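Participant: The following block contains the structure, expressed as structure tokens.
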Amino acid sequence: MKIAIYVCGRLREDYLRAAEAEYRKRLRSYCKLDVVEFKSDRALLAAVPDRARLYALDECGELLTSAQFAHMLAGDEIAAVPVVFAIGGPDGHSDALRARARRVLAFGRLTVAHRLVRVLLVEQIYRGFRIIRGEPYHRD
């Protein structure tokens, strides 16, 4: 399965880069994951492949449990289509990107820095695959 995380902005903090790298390493046996950084939401939207399932991360989005998120990933895996998760910058996403998204998702109602959302998303993708495969996770 091909998954891409498209983000506005760069991840500068070493400790966040290390956390992201750890989960990306863990994901290697489950999917091909790319993280692509963009300077603007417009450039991000333009890069989304036509047939990709786009999910936008936004604090006002739909709240899912980890099991529901895993179920969503399982459906994408079965459909064999590219998946793109979009994380906006400090100003969020454009209306055009929201309109193109299959779903708008949130990790809670709290405002979370986009840099942290990036790490949370990679962790949840990993957790999702562990759930899909029936593998233990909470003790890793």
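Participant: Can you tell me which residue within the range 31-45, out of those that are of a type outside the set (Ser, Thr, Tyr) and in a loop (DSSP other than H, G, I, E, B), is nearest to Glu77 (Cα to Cα)?
Facilitator: Cys31
Participant: Then there is this: Looking at the range 3-33 only, could you name the residues that are in contact with a strand residue (DSSP E or B) (Cβ under 8 Å, 6 or more places away or on another chain), surrounded by 13 or more Cβ atoms within 10 Å (Cβ to Cβ) and not aromatic (Phe, Trp, Tyr)?
Facilitator: Listed by number, the residues that qualify are Ile3, Ala4, Ile5, Val7, Cys8, Gly9, Leu11, Glu20, Arg24, Leu27, Cys31, Leu33.
Participant: Related question: For the range 55-84, which residues satisfy the criterion of being out of contact with any Gly (no Cβ under 8 Å at 6 or more places or on another chain), surrounded by fewer than 15 Cβ atoms within 10 Å (Cβ to Cβ) and part of a strand (DSSP E or B)?
Facilitator: Answer for the range 55-84, where residues must be out of contact with any Gly (no Cβ under 8 Å at 6 or more places or on another chain), surrounded by fewer than 15 Cβ atoms within 10 Å (Cβ to Cβ) and part of a strand (DSSP E or B): Cys60, Glu62.
Participant: How many residues, within the range 4-25, are among the hydroxyl-bearing types (Ser, Thr, Tyr) and under 15 Å from the mean Cα position of the chain (by Cα)?
Facilitator: Final tally of qualifying residues: 2.
Participant: Now, a different point. Taking into account only those residues within the range 34-53 that are more than 19 Å from Ile131 (Cβ to Cβ) and under 14 Å from the mean Cα position of the chain (by Cα), which is surrounded by the most Cβ atoms within 10 Å (Cβ to Cβ)?
Facilitator: Residue satisfying both the conditions and the ranking: Leu44.
Participant: In the range 76-104, how many residues are at pLDDT below 95 and among the hydrophobic types (A, V, I, L, M, F, W, C)?
Facilitator: 4
Participant: I need a count of the residues in the range 13-30 that are touching a residue at least 24 places away in the same chain (Cβ under 8 Å) and assigned to a loop (DSSP other than H, G, I, E, B).
Facilitator: Matching residues across the range 13-30 total 2.
Participant: Which one of these is in contact with a Cys (Cβ under 8 Å, 6 or more places away or on another chain) and closer than 17 Å to Arg103 by Cβ: Leu54, Leu64, Leu44?
Facilitator: Leu44
Participant: Quick test for you: out of Arg51, Arg103, pick the one residue that is out of contact with any His (no Cβ under 6 Å at 6 or more places or on another chain), over 17 Å from Leu121 (Cβ atoms) and among the basic types (Lys, Arg).
Facilitator: Answer to the selection: Arg51.
The values are calculated or read from the model by the stated rules, or taken from the named source; none is laboratory data. Since the structure is predicted, the reported quantities are computational estimates derived from the model, not experimental observations. Heads up, the Cβs are rebuilt from the backbone with ideal geometry, glycines too, and the neighbour counts pull from every protein chain shown.
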